[in-house]
Amino acid sequence: MFKLLKRTLQRGPFTEPLAEETEASGIRRLTHRPPPWGRSMGLRTVDAGSCNGCELEIQALLNPVYDVERWGFRFTASPRHADVLLVTGPATVNMTEALQRAHDAAPNPKWVVAAGDCALHGGPFKESPACQGGIHAVLPVDVAIPGCPPTPEALCQGLLALLERDQKE
Amino acid sequence: MEPLTDDQAPPSPEPPPRLSDWLGAATPLVPGTPWPRHVLGEARWLDLRHHLFLSTWTLVDLWAEEKTVHVALLDDPAPEAGSPTTAILSLECPEGRYPSLARARVGAIRLERAIRDLSGLEADGAEDRRPWLNHGRFPLASKPPDADSDPDAPEAPYRFFAAEGEGVHQLSLGPVFGGVEASSQFLFHANGETVVRLEHRGGYLHRGIEGLMRGRTLREAATLAGRISGDSAVAYALAFAQAAERAVGVEAPPRGVWLRAVMAEMERIANHLGDLGAMLGEAGSALLQSHAAVLRERIARVAHRCFSHRLMMDRVVPGGVAADLHPDEMSLLQGMIREVRPHFEEIVSAYGRSASLLDRTLSTGVVTPALASLLGAGGVVGRSSGRAFDARVTPGYPPYDHVPMTVPPRDEGDVHTRLKIRALEIRASLNGLVLLLDNLPGGATRVELPPLAGEGAALVEGFRGEVWLWLRVDGGQVIACRARDPSWFHLPLLEQAVKETIVADFPLLLKSFNPSHAGCDL
Ligand code: SF4
């Protein structure tokens, strides 16, 4: 373990600078409410029917390469500690109440980020009567990140979009 | 929690019956590749149940299609006792009822509950009649399944099994819980720190995939199949492609077959690394978890470069693969293997030398071989508890006959063994990947499938275990499709493994199983 630790310290961080967001990332800001405080946000993921592909890429945000904590995002164990709900999946009928309750449990002000094509418009499960065709059917969405699944880069860019202050301000 | 006792089968002094002998008695056959479907009458079905008590046949899947139930069985005897047999058997139930198999095979309990929710067929004699996928927001037995759901309907009350006694208390987790977790619910009964009983409840992620599949073209349905459980996208797409090809009697070209195996092994290595990291992190080493995560990321990037998708979704298609490997991509892949191997070995040996990590994993959360074979659990969970079963060998599919990469089972069944088996499988797959790349045949990667009618089935080894997929097609469209995730039989074992450990060990145990809720909820 110590050898590995020593080597890790010698090697330096794995963390890479984030690529600039481009048109191609397709990230949409649906509301413009910059957070009233600095740059520290509690994130709670809610799986509302995801195939778990999106979860894999969200987990990648925690690896040293993307290290989303460098921007002050922290994953919380409960929606009660969260400022942002990061929601995946097409909002299945069976998850609707839990999703609503998780949102109710988060203290105000709060933001909702919809991640993945499913969360945006139901994705491949659009036509299923067991799904609601996207998170917007249940919750107000602030930022939408497309992709099936979105890349960790796109997820970082989408989260950073929350922190941006409006130009007009 | 379903009752899981192994005293249900009466002891039989004679050698257990063989499935091939039992099938011998003539029954009407529906053609299907590679396993024709036997249509049974009710008397034969009851005889089948009787034989399930006497035999060691593994329940592969149990599902329904309108007014018919199908069961898939596998008889995998020791080599000296015979060769493996797989069979699909059907019973028509015009009255909407069929004799339950749950007493003979505990794995059938949840499957029968799901059948009732999806098609309204009742299992006669089943003890557990609680709904599984239906949380009270779908009218029961609606046609087509899942039609007119009502998300605003109040959730139907659900009765968990109780545990009573002085000092016993309840603790409920989910459906939203933990770190980045799939939604599902776990109810603990604990006495102080010690777990008395754990019961899992699923269905939250039910997307109605089987309904969505109907009437789709093969290409569209393959996309859906790859999204039943996103971390096993390649395994599911491979199972779907194999079943589709068999249904219309076409074989994928050799290069396509080998490239599929390259992707499948990359998926296995990436996911095992992720699980290994998650277990090490949960056991207390953020350092080792981070190193494993870096390796996983490395593989995802190479997958993106070589197959233009980080999870290789939609690259395995009916008829072959929708990708090819160019020489520079080959060397990228080979470079990745050279780089990952020593780094991975370093993580494993650091784990093996850390007393504090071993203290968490050794003898924690034991699944006994008896329980594992009772459920017919496959994959890492099965191989850590004495079951050698690996779909790459039985029933087997190319190219694994040329490039074997299986890992022998062990009996301990604790978290440490599941971690070890994962590590061994990573090593075997890295070696296998080298061989696959060295011997990659040339030629076409894909053929078109003719729009014929037929039935096909496949059993494919994903990183979690065997993925069963059964398919009926006609004119290039899916008529019916069924997929069974390995986690159907892992989750009941998780419930058992947690018993008598402490509540605080649950996250570690959960990571050691890493069940796919999406795969089971469909
Ligand atoms: S967007 Fe794609 S990867 Fe994400 S949950 Fe939906 S199907 Fe899965």
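The values are calculated or read from the model by the stated rules, or taken from the named source; none is laboratory data. Keep in mind the model is a prediction, meaning the values are calculated, not measured. Neighbour counts are summed over all protein chains in view; Cβ atoms, including those assigned to glycine, are modelled from backbone coordinates with ideal geometry. What goes into the accessible areas is simple: the full protein's heavy atoms, side chains included, and nothing from ligands, DNA or RNA. Shrake-Rupley method; radii C 1.70, N 1.55, O 1.52, S 1.80 Å.
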Count neighbours as other Cβ atoms within 10 Å of each site's Cβ, and list the trypsin sites (Lys or Arg not before Pro) in the stretch B:375-415 that are DSSP loop with at most 10 such neighbours.
none
Using only C-alpha positions, report the orientation-averaged shadow area of the convex hull of chain A, nm², one decimal.
11.2
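Please list B:Leu362, B:Leu23, B:Leu173, B:Leu333 from largest to smallest accessible area, probe radius 1.4 Å, with all protein chains kept in place. Walk me through the numbers before you get to the answer.
Numbers: B:Leu362 80, B:Leu23 25, B:Leu173 50, B:Leu333 0 Å².
Ranking B:Leu362, B:Leu23, B:Leu173, B:Leu333 by accessible area, largest first, yields B:Leu362, B:Leu173, B:Leu23, B:Leu333.
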Quote to one decimal, in nm, the extra length available between B:His402 and B:Glu95 on full extension: 0.36 nm per residue of separation minus the C-alpha distance between them.
105.7 nm
Which of the listed residues, A:Gly116, A:Ser128, A:Ala77, is farthest toward the dipole's positive end in chain A, when Lys, Arg count +1 and Asp, Glu count -1 at the beta-carbon?
A:Ala77
Contact-by-burial set, the stretch B:177-219, min loss 40 Å², accessible area of protein heavy atoms with 1.4 Å probe, reference chain alone, gives B:Val180, B:Tyr204, B:Leu205, B:Arg207, B:Leu212
Roughly to the nearest percent, how much of the accessible area of chain B is carbon and sulfur, given a 1.4 Å probe?
54
For the protein assembly as shown, taking Cα atoms only, what is the radius of gyration to one decimal and the Dmax to the nearest whole Å?
24.3, 85
Two-site FRET efficiency, B:Leu171 against A:Thr15, from Cβ-Cβ distance with R₀ of 35 Å, rounded to 0.05:
0.40
Is there a quick way to get the dipole size of chain B? I mean about its Cα centre, with the Cβ of Lys and Arg at +1 and of Asp and Glu at -1; what is the value in debye to the nearest 20?
900
Spin-label point model (7 Å from Cα, Cβ direction): what's the B:Leu435 to B:Thr194 distance in nm?
4.7
I'd like the carbon and sulfur percentage of the solvent accessible area for chain A, probe radius 1.4 Å, heavy atoms only, ligands and nucleic acids excluded.
53
Reach of A:Lys3 by Cα under 12 Å, taken over aspartates and glutamates that are not fewer than 8 positions away in the same chain:
B:Glu346
Report the paramagnetic label zone for B:Val30: residues of the stretch B:87-110 whose backbone N is under 18 Å from a point 7 Å from Cα along the Cα-to-Cβ axis.
B:87-99
Does the stretch B:247-368 come out rounded, prolate or oblate, given a ≥ b ≥ c as the square roots of the eigenvalues of its C-alpha gyration tensor, rounded meaning a/c under 1.5 and, failing that, prolate meaning a/b above b/c?
prolate
For chain B, the fraction of alpha-carbon pairs in successive 20 Å shells from zero, as %
22, 58, 20, 0
CD proxy at 222 nm, helix term only [per DSSP H run n ≥ 4: -39500 (n - 2.57); per residue of the protein assembly as shown; nearest 500]
-11500 deg cm²/dmol
Dipole size in debye (nearest 20) for the protein assembly as shown around its Cα centre, Lys and Arg Cβ +1, Asp and Glu Cβ -1?
1140
If you place +1 on the Cβ of every Lys and Arg and -1 on the Cβ of every Asp and Glu, how big does the dipole about the Cα centre of the stretch A:39-168 come out, in debye to the nearest 20?
360
Check the straight Cα-Cα distances from B:Lys511 and name the aspartates and glutamates below 13 Å, setting aside those fewer than 8 residues away within the same chain.
B:Glu181, B:Asp275, B:Glu282, B:Asp414
Helix by helix through chain B, keep the DSSP H runs that span 20 Å or more along the axis on Cα and average at least -1.0 on Kyte-Doolittle, and give those back in order.
B:233-248, B:254-283, B:286-307, B:327-352, B:415-438
Which is farthest toward the positive dipole end of chain B among B:Phe188, B:Val176, B:Ala81, measuring Cα position about the Cα centre, with Cβ charges +1 (Lys, Arg) and -1 (Asp, Glu)?
B:Val176
Solvent-accessible heavy-atom area per residue, rounded to whole Å², over the protein assembly as shown at 1.4 Å
37
Could you please tell me the mean projected area of the C-alpha convex hull for the stretch A:15-72, averaged over all directions and given in square nanometres to one decimal?
5.5
What does the stretch B:26-124 give for Rg and for Dmax, in Å, if only its C-alpha atoms count?
13.3, 43
Suppose a student asked you for the relative contact order of the stretch B:225-485, using Cα pairs under 8 Å spaced at least 6 residues apart; what percent would you report?
30
If you build the convex hull over the alpha carbons only and average its shadow over all orientations, what do you get for the stretch B:225-485? Give it in nm² to one decimal.
13.1
Where a label projected 7 Å from the Cα of B:Ser20 along Cα→Cβ would reach, residues of the stretch B:372-396 with amide N under 16 Å
B:394-396
Can you figure out the FRET efficiency of B:Ile502 with B:Arg341, using R₀ = 45 Å and their beta-carbon distance, to the nearest 0.05?
0.80
Most to least accessible of B:Thr406, B:Thr56 (protein chains only, probe 1.4 Å)
B:Thr56, B:Thr406
Set Lys and Arg Cβ to +1 and Asp and Glu Cβ to -1, take the dipole of the stretch B:320-457 about its Cα centre, and tell me which of B:Val403, B:Ser331, B:Ala391 lies farthest positive.
B:Ala391
Show me you know the interface measure: the accessible area buried between B and A, both chains summed, probe 1.4 Å, in Å² to the nearest 100.
4200
